[in-house]
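*Asks:* Once you've had a glance at the structure underneath, I'll fire off some questions.
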Amino acid sequence: MSQTLYDLIGLAAGVCFILALKGLSHPKSARRGNLIGALGATIATLVVFLYVTPSGESTESHSLPLHNLGWILGAIAVGLIIGVPAARKVQMTQMPQLVALFNGVGGGAAALVAIVEYLNLGSTATTAEVIFTVFTVVVGCVSFSGSIITFMKLQELMTTRPVIFPGGRFVIAATLAAVLGSSVWVVSALGTTPLVVLAALSLAFGILFVLPVGGADVPIVISLLNAFTGLTVAASGYVLNSTLLIIAGTLVGASGTILTRLMAEAMGRSLFGTLFGAFTAKPQAATGVAEERPVRSGSPDDVAILLNYARRVVIVPGFGLAVAQAQHTVRELADLMLSKGIDVAYGIHPVAGRMPGHMNVLLAEANVPYDQLAEMEEVNPTFGQTDVAIVIGANDVVNPAAQTTPGCPIYGMPILEVSHAANVIFLKRSMRPGFAGIENELLYDPKTMLLFGDAKASLTKVVSALKAL
Amino acid sequence: MSQTLYDLIGLAAGVCFILALKGLSHPKSARRGNLIGALGATIATLVVFLYVTPSGESTESHSLPLHNLGWILGAIAVGLIIGVPAARKVQMTQMPQLVALFNGVGGGAAALVAIVEYLNLGSTATTAEVIFTVFTVVVGCVSFSGSIITFMKLQELMTTRPVIFPGGRFVIAATLAAVLGSSVWVVSALGTTPLVVLAALSLAFGILFVLPVGGADVPIVISLLNAFTGLTVAASGYVLNSTLLIIAGTLVGASGTILTRLMAEAMGRSLFGTLFGAFTAKPQAATGVAEERPVRSGSPDDVAILLNYARRVVIVPGFGLAVAQAQHTVRELADLMLSKGIDVAYGIHPVAGRMPGHMNVLLAEANVPYDQLAEMEEVNPTFGQTDVAIVIGANDVVNPAAQTTPGCPIYGMPILEVSHAANVIFLKRSMRPGFAGIENELLYDPKTMLLFGDAKASLTKVVSALKAL
Amino acid sequence: MDAIAVISIFVLAVFVGFEVVSKVSSTLHTPLMSGANAIHGVILVGAIIVADHSKTNLELGLSLAAIVLATINMVGGFVVTDRMLEMFKGKKGGSK
Amino acid sequence: MDAIAVISIFVLAVFVGFEVVSKVSSTLHTPLMSGANAIHGVILVGAIIVADHSKTNLELGLSLAAIVLATINMVGGFVVTDRMLEMFKGKKGGSK
Ligand SMILES: NC(=O)c1ccc[n+]([C@@H]2O[C@H](COP(=O)([O-])OP(=O)(O)OC[C@H]3O[C@@H](n4cnc5c(N)ncnc54)[C@H](OP(=O)(O)O)[C@@H]3O)[C@@H](O)[C@H]2O)c1
Ligand SMILES: NC(=O)c1ccc[n+]([C@@H]2O[C@H](COP(=O)([O-])OP(=O)(O)OC[C@H]3O[C@@H](n4cnc5c(N)ncnc54)[C@H](OP(=O)(O)O)[C@@H]3O)[C@@H](O)[C@H]2O)c1
């Protein structure tokens, strides 16, 4: 295949990626967009077997098939065997960590590619190539180790709260300085040792960078690391002389940056605060311990009665609904109330759950009609006329501390103001706090009733009690 | 100045153009966007005096200053002396033709640049360069002569109705074939003569292409020619090896294409029908002659009385308002009615006047508050509750023929449905039809009252009559 | 610049152009058209380059004509667009 | 490819990326992130190229590792995104 044809096909794949992002930005075309992206990736992968651009400096072309073809196909097979079942079988609740993981391995792959190309080029590398290699290694490694930490946080393999140790900010600053120093070392001295040191330091920095990030900010960080990985791919594209990689990587870098900002806005966080949390946050006293204070807890029958006499009910779903897989049961409850002439809406907080749009995905799975899903801005003004707000497995997204307690991890996040409703019902299993690890005063409010237990079990009971009325 | 720095500055100018288009797409940032574009153009022009990229094949750099510097500066001065006053002094009503003219000269400039570069390169030109040159010459010349014809149509130096002569479609097809033929000739034979022939044929084709376009479609054609000119600039950029020209030209080409489609949609025209009008339209019988049928004409006092007792009045401005420069007077009338407690809105048709947004610009000039301007979709459903629709110098945009007479030049265009109002008042000077040259049945409708005379004079009389009531 | 780079730049610029303009309201159609029109006046740069390259009087004459036309397009275009947009700010009210 | 071409492509791709994503609703944040994530899995192409170039076992080993990781990123990313989006179609109603 001629160089030009090869390049043109690469460009076509790049166009597929643009169309994919375009499609993914609109609900109707999102799925098709993703498929177009997959098509582009497939084309790009297949075509590389037919022609390999000569690397960096050397201009000799070589004959097909690729060297190491068997190994390459084997490695792809291994990747497929690992990746596809993981993506197929993961539960909805665990998707965010899977995305983090996929992002991390992408960053790792980019770093490895840069390292191999660096070894391969040896002393023939131009300064520009070395600089791009350094960039790719640093950012790829940070993305890799950072994503692993976010994965562990989301999977609750470690605490979801900010990990801040005394003097931490100095350690981070020192590591960053060391990364920069060894970057200079690589550029000036060349050779394998500096590169290994650089990679190791970058991995360490990635860990230190993400550890102090509070759980609520984790998705923002995933998105940011995602954008970073995109940029490393673009940098690799420069070194490997591949227009496709430059375009694809830059696209992801740019759209990822915008997306990160949009997500931070939706969560009411400042991007700066999120990223430099380590430098601004102080070690906090643990506030996650449930206090011994009186609460009003009720039975499924009590809840059913409250609902039965309401004119308007707002259902506020949260992460617990996903954990309990209670989306079908909640729909059953809503339908039942509707059939009784009660006005029912779902109040959807943009960051309820563990990924933006989590609740939409979950409720869509149970075929809840779109028009019953009300966004935060829509539903907040209506709580004054709402008789019952029923909060199912949500906590942080209704926590008034976001408005009243400056300095708490969620301060400034817009919340669903359920406290304006005449009655608030919480369905949760215990008095434990939510993701951000902070106490929710609303649980102790006199107009709040708690129904303890797994959301699905509780809802099933409420449904039968309501039917019996 | 080094090549790289020069190229980077060019890229910065390209970015300015992107930001300019971005800004121009939003009302708030539009003016700033235009200034950013002007900034980019200024930078690009200044920097070319400091460094000139070697043309096409030759790679020798040369020392400053430019050859022919005096001539160049002189020519720029001439351009400024012609362009600035024309742009400064033109009346609002004549802006569309000025834009058409500016677009035409741009196309002409691109064609000239391509011709000179072709002469200059001589036999050293690569095939790709020759092909791009041919493209630029053809499209630039079409854009030039086509724009001149649109200018003449808009300036009413010639008829605004489609010019269709028997056998016209064959002449056009033959000219097109000749253009293609001589393109091949230029590519294969090279030399000056074929190029001159090509340019002449292209100019002829531009004229023939635009002549059969109906007046209402003229702005669509301007927009299309504008996009074409953009593409020629991009092609010149390839020949002259200027990234800036490639980017700027492509931007204009792409955005111009979209804009053309949007405009055609707003006017309810099919782009295809507009462009190939020559091949589909049949010579029409002249319908523009005023018939002798009874109409109900009234005095300013009659109008004032109708208005005085209305609860809701919709003002429908059109091209005649611009001709009469009656925007201030109409505002006076509206304010007077408002002060009398009458509900007043302006119903703005997207293509009222002679350019999209013409009415908005005009009324903004008279400081009419934005919130009184209602778009077509908004205002149409309200005519049922409207007591008086007062149509000031508009005709085609309220002509029911667009809905009832298949085959008439405006058939399919969405209109302002003033006929649903209880009373319709037309302010116009005569029974002459509007731009599209077709009869308006509504003028003969029993509920229509006509107030003949120049819009400004009539309005002034109505205002004093209304004050006196 | 090699072909693939030129084509890539072209394709990407097409997307930028499409995206940037795709949601403009009809009110701004005319200023946008006029502004885009002014932008392609940057062919002035090309005209200056060929005037510099010109070796014969014919070439010089044609390129000077191109400079005049391009200047009119560019400067006139930006000025006329600015005049149109100036009127849009009218919202604030106040006398003419 | 020369520097200016690379930079131009980069700058234009930045604009495309910005524009395309700038108005996405929060509902689609996660699928979009996940889809973009899958796209950068195209580093697989780079990994295959360096595997082909590899001359030592170390290089080959590292590039095979890169291929495995990149494949996971790319294929897993598209599959998981598709699964998420599949659920969005729920609108039509009907039983699960
Ligand atoms: N959406 C995103 O993009 C995203 C990503 C990462 C983090 N976050 C953060 O996650 C939080 C989301 O808020 P949220 O209100 O949805 O969740 P949350 O604050 O984490 O609260 C979840 C609640 O559900 C309860 N729960 C858990 N399992 C349950 C079950 N099986 N049955 C019944 N209840 C159960 C928990 O209480 P018990 O344990 O007592 O049952 C907990 O109070 C915010 O802090 C947000 O910033 C969001
Ligand atoms: N907006 C655009 O982008 C654009 C561009 C080009 C063409 N067009 C086309 O232009 C037309 C616009 O429709 P329109 O309804 O605004 O205009 P129109 O159909 O051209 O009608 C204008 C009316 O104003 C009257 N008039 C002219 N001067 C007057 C004056 N001094 N005082 C009072 N009345 C005066 C004319 O009648 P008298 O002569 O009897 O006074 C005529 O009936 C459509 O066909 C549209 O497709 C639009």
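*Asks:* When you look at the Cβ of every residue in A:32-42, what mean number of other chain Cβ atoms sits within 10 Å? Could the numbers behind the result be given before it?
*Replies:* On the way: counts 1, 6, 16, 4, 1, 11, 11, 1, 2, 11, 3.
For this peptide, the per-residue mean of nearby foreign Cβ atoms is 6.
*Asks:* Round to the nearest 0.05 the FRET efficiency obtained for residue B:123 and residue B:180 when R0 = 30 Å and r is the Cβ-Cβ distance. Walk me through the numbers on the way to the answer.
*Replies:* On the way: r = 24 Å, r/R0 = 0.79.
Here the calculated transfer efficiency is 0.80.
*Asks:* Using only the Cα atoms of the stretch B:94-284, what semi-axes does the equivalent ellipsoid have when each is the square root of 5 times a gyration tensor eigenvalue? Give whole Å, largest first.
*Replies:* Working: eigenvalues 160, 76, 35 Å².
The equivalent ellipsoid of the stretch B:94-284 has semi-axes of 28, 19, 13 Å.
*Asks:* Could you please state, rounded to a whole Å, how far the C-alpha centre of the stretch A:73-141 is from the C-alpha centre of the stretch B:396-462?
*Replies:* Between the Cα centre of the stretch A:73-141 and that of the stretch B:396-462, the gap is 67 Å.
*Asks:* Apply the membrane-span-like helix rule to chain B: whole DSSP H runs, Cα extent along the own long axis of at least 24 Å, mean Kyte-Doolittle hydropathy at least 0.0. List the helices found. Each step should come with its number before you reach the end.
*Replies:* Working: long enough: B:3-24 (31 Å, 1.48); B:30-48 (27 Å, 1.10); B:69-89 (30 Å, 1.55); B:95-121 (39 Å, 1.31); B:127-154 (40 Å, 1.66); B:168-189 (31 Å, 1.62); B:192-210 (27 Å, 2.26); B:218-240 (32 Å, 1.70); B:243-266 (34 Å, 1.38).
Helices passing the filter in chain B: B:3-24, B:30-48, B:69-89, B:95-121, B:127-154, B:168-189, B:192-210, B:218-240, B:243-266.
*Asks:* Please state the shape class of the protein assembly as shown: rounded when a/c is under 1.5, otherwise prolate if a/b exceeds b/c and oblate if not, all from the C-alpha gyration tensor.
*Replies:* On the way: a/c = 2.27, a/b = 1.18, b/c = 1.91.
Taking the square roots of the gyration eigenvalues as a ≥ b ≥ c, the protein assembly as shown is oblate.
*Asks:* Step through the table entries B:153/B:447; A:22/A:428; B:22/B:340; A:89/A:456, compare each Cα-Cα distance with 32 Å, and write down the pairs that go over it.
*Replies:* Working: B:153/B:447 34 Å; A:22/A:428 39 Å; B:22/B:340 42 Å; A:89/A:456 22 Å.
Cα-Cα > 32 Å for B:153/B:447; A:22/A:428; B:22/B:340; rest within.
*Asks:* At residue D:3, label 7 Å along Cα→Cβ: distances to the other copies, nm, ascending?
*Replies:* When each copy's label point is compared with this one, the spacings are 2.7 nm.
*Asks:* Follow-up question, since we're still on this one. So for B:464, A:143, fewest C-beta neighbours within 10 Å to most, what's the order? Kindly include the intermediate steps, with their values, before the conclusion.
*Replies:* Numbers: B:464 13, A:143 31.
Starting with the residue having the fewest Cβ neighbours, the order is B:464, A:143.
*Asks:* Sticking with this structure for a sec: Starting from the 7 Å offset along Cα-to-Cβ, what nm value, one decimal, do you get for the label separation of residue B:89 and residue A:67?
*Replies:* 7.4
*Asks:* I would also like to ask the following. Divide the volume of the convex hull of the Cα atoms of the stretch A:300-468 by its number of residues and quote the answer in cubic angstrom per residue.
*Replies:* Working: hull volume 16.6 nm³, N = 169.
So the per-residue Cα hull volume is 98 Å³.
*Asks:* Taking a label point 7 Å out from Cα toward Cβ, give me the nm distances from residue B:452 to the same spot in the other copies, shortest first, one decimal.
*Replies:* Result for residue B:452, in nm, nearest copy first: 9.2.
*Asks:* Please compute the average number of Cβ atoms from other chains found within 10 Å of each residue's Cβ in peptide B:348-355.
*Replies:* Working: counts 2, 1, 4, 2, 0, 1, 1, 6.
Mean partner-chain Cβ count within 10 Å for B:348-355: 2.
*Asks:* Next question. For A:397, A:113, A:303, what's the fewest-to-most ordering of other Cβ within 10 Å of each Cβ? Could you put the intermediate results ahead of the total?
*Replies:* Values: A:397 30, A:113 35, A:303 25.
Sorted ascending by nearby Cβ count, the order is A:303, A:397, A:113.
*Asks:* Also: Using only the Cα atoms of the stretch B:423-469, what semi-axes does the equivalent ellipsoid have when each is the square root of 5 times a gyration tensor eigenvalue? Give whole Å, largest first. All intermediate terms of the calculation are to be shown ahead of the outcome.
*Replies:* Numbers: eigenvalues 108, 37, 7 Å².
Computed over the stretch B:423-469, the values are 23, 14, 6 Å.
*Asks:* Hey, for residue B:181 with labels 7 Å out along Cα-Cβ, what do the inter-copy distances come to in nm, ordered shortest first?
*Replies:* 7.9
*Asks:* In addition: What's the longest uninterrupted piece of chain B once you rule out the GluC sites (Glu not before Pro) that are loop residues per DSSP with at most 13 other Cβ within 10 Å? Can you show the working numbers first?
*Replies:* Numbers: sites that count: B:57, B:60, B:156, B:291, B:292.
The segment B:293-469 is the longest one with no such site.
*Asks:* Where does the charge balance sit around residue C:70 when Lys and Arg score +1, Asp and Glu -1, over other residues with C-beta under 15 Å from its C-beta?
*Replies:* Result for the local shell: -2.
*Asks:* Taking other Cβ within 10 Å of each residue's Cβ, how do A:126, D:71 sort, fewest first?
*Replies:* Details: A:126 12, D:71 27.
So the residues, fewest neighbours to most, are A:126, D:71.
*Asks:* Just tell me the longest site-free run in chain A, where the sites are trypsin sites (Lys or Arg not before Pro) in a DSSP loop having at most 16 other beta-carbon atoms within 10 Å. List each step's numbers first, then the result.
*Replies:* Numbers: sites that count: A:28, A:296, A:311, A:340, A:429, A:447.
The longest such stretch corresponds to A:29-295.
*Asks:* Label residue B:189 and residue A:2 with points 7 Å out from Cα along Cα→Cβ: what is the distance between them in nm?
*Replies:* A separation of 2.8 nm, rounded to one decimal place.
*Asks:* Inside 10 Å of the C-beta atoms of A:80-86, what's the mean count of C-beta atoms belonging to other chains? Can you show the working numbers first?
*Replies:* Details: counts 6, 3, 6, 14, 7, 2, 5.
Taking all residues of A:80-86 together, the mean is 6.
*Asks:* For a quick protection proxy, order the peptides A:421-427, A:4-10 by their average other-Cβ count within 10 Å, most packed first. Walk me through the numbers on the way to the answer.
*Replies:* Details: A:421-427: 24.1, A:4-10: 18.9.
The packing order, highest mean first, is A:421-427, A:4-10.
*Asks:* Treating only the Cα positions of the stretch D:26-95 as identical point scatterers, give the base-10 log of I(q)/I(0) from the Debye formula at each q in 0.14, 0.15, 0.20, 0.27 Å⁻¹.
*Replies:* -0.53, -0.58, -0.78, -1.05
*Asks:* Next up: Normalised by the residues of chain B, what does the relative contact order come to in percent, with Cα pairs under 8 Å and at least six apart? Present the calculation step by step, with values, prior to reporting the outcome.
*Replies:* Numbers: 765 pairs, mean separation 63.3, N = 469.
Averaging sequence separation for qualifying contacts and normalising by length gives 14 percent for chain B.
*Asks:* Next up: Would you calculate the convex hull of the Cα atoms in the stretch D:17-65 and tell me its volume per residue in Å³?
*Replies:* Values: hull volume 3.7 nm³, N = 49.
Spread over its residues, the Cα hull of the stretch D:17-65 gives 76 Å³ apiece.
*Asks:* Would you mind classifying chain A by shape? Square roots of the alpha carbon gyration tensor eigenvalues, ordered a ≥ b ≥ c; an a/c under 1.5 is rounded, otherwise it is prolate if a/b is larger than b/c and oblate if not.
*Replies:* Working: a/c = 2.94, a/b = 1.82, b/c = 1.61.
Prolate is the answer for chain A, as a/c is 1.5 or above and a/b outweighs b/c.
*Asks:* Further, regarding this structure: Say R0 is 56 Å: what FRET efficiency, to the nearest 0.05, do residue B:29 and residue B:299 get from their beta-carbon distance? Intermediate results must be reported in sequence, preceding the final value.
*Replies:* Details: r = 47 Å, r/R0 = 0.84.
With R0 = 56 Å, the Cβ-Cβ based efficiency is 0.75.
*Asks:* Given a Förster radius of 56 Å and the C-beta distance between residue B:385 and residue B:49 as r, what FRET efficiency does 1/(1 + (r/R0)^6) yield to the nearest 0.05? Mind dumping the intermediate values first?
*Replies:* Working: r = 63 Å, r/R0 = 1.13.
Approximately 0.30, to the nearest 0.05.
*Asks:* Please report the spacing between the Cα centers of the stretch B:149-210 and the stretch B:25-41 in Å, no decimals.
*Replies:* Cα centroid of the stretch B:149-210 versus Cα centroid of the stretch B:25-41: 35 Å apart.
*Asks:* On to the next question. Using a/c under 1.5 as the rounded threshold, could you call the stretch A:146-185 rounded, prolate or oblate? The axes a ≥ b ≥ c are square roots of the C-alpha gyration tensor eigenvalues, and prolate needs a/b larger than b/c, oblate otherwise.
*Replies:* Details: a/c = 5.83, a/b = 1.80, b/c = 3.25.
Since a/c reaches 1.5 but b/c is at least a/b, the shape of the stretch A:146-185 is classed as oblate.
Any read-out appearing in this document is the output of simple, stated calculations on the displayed coordinates, not a laboratory observation. The structure presented is a predicted model; accordingly, all values stated were derived computationally and were not measured. Don't worry about glycine lacking a Cβ; one is built from the backbone with ideal geometry, like all the others, and counts go over all protein chains shown.
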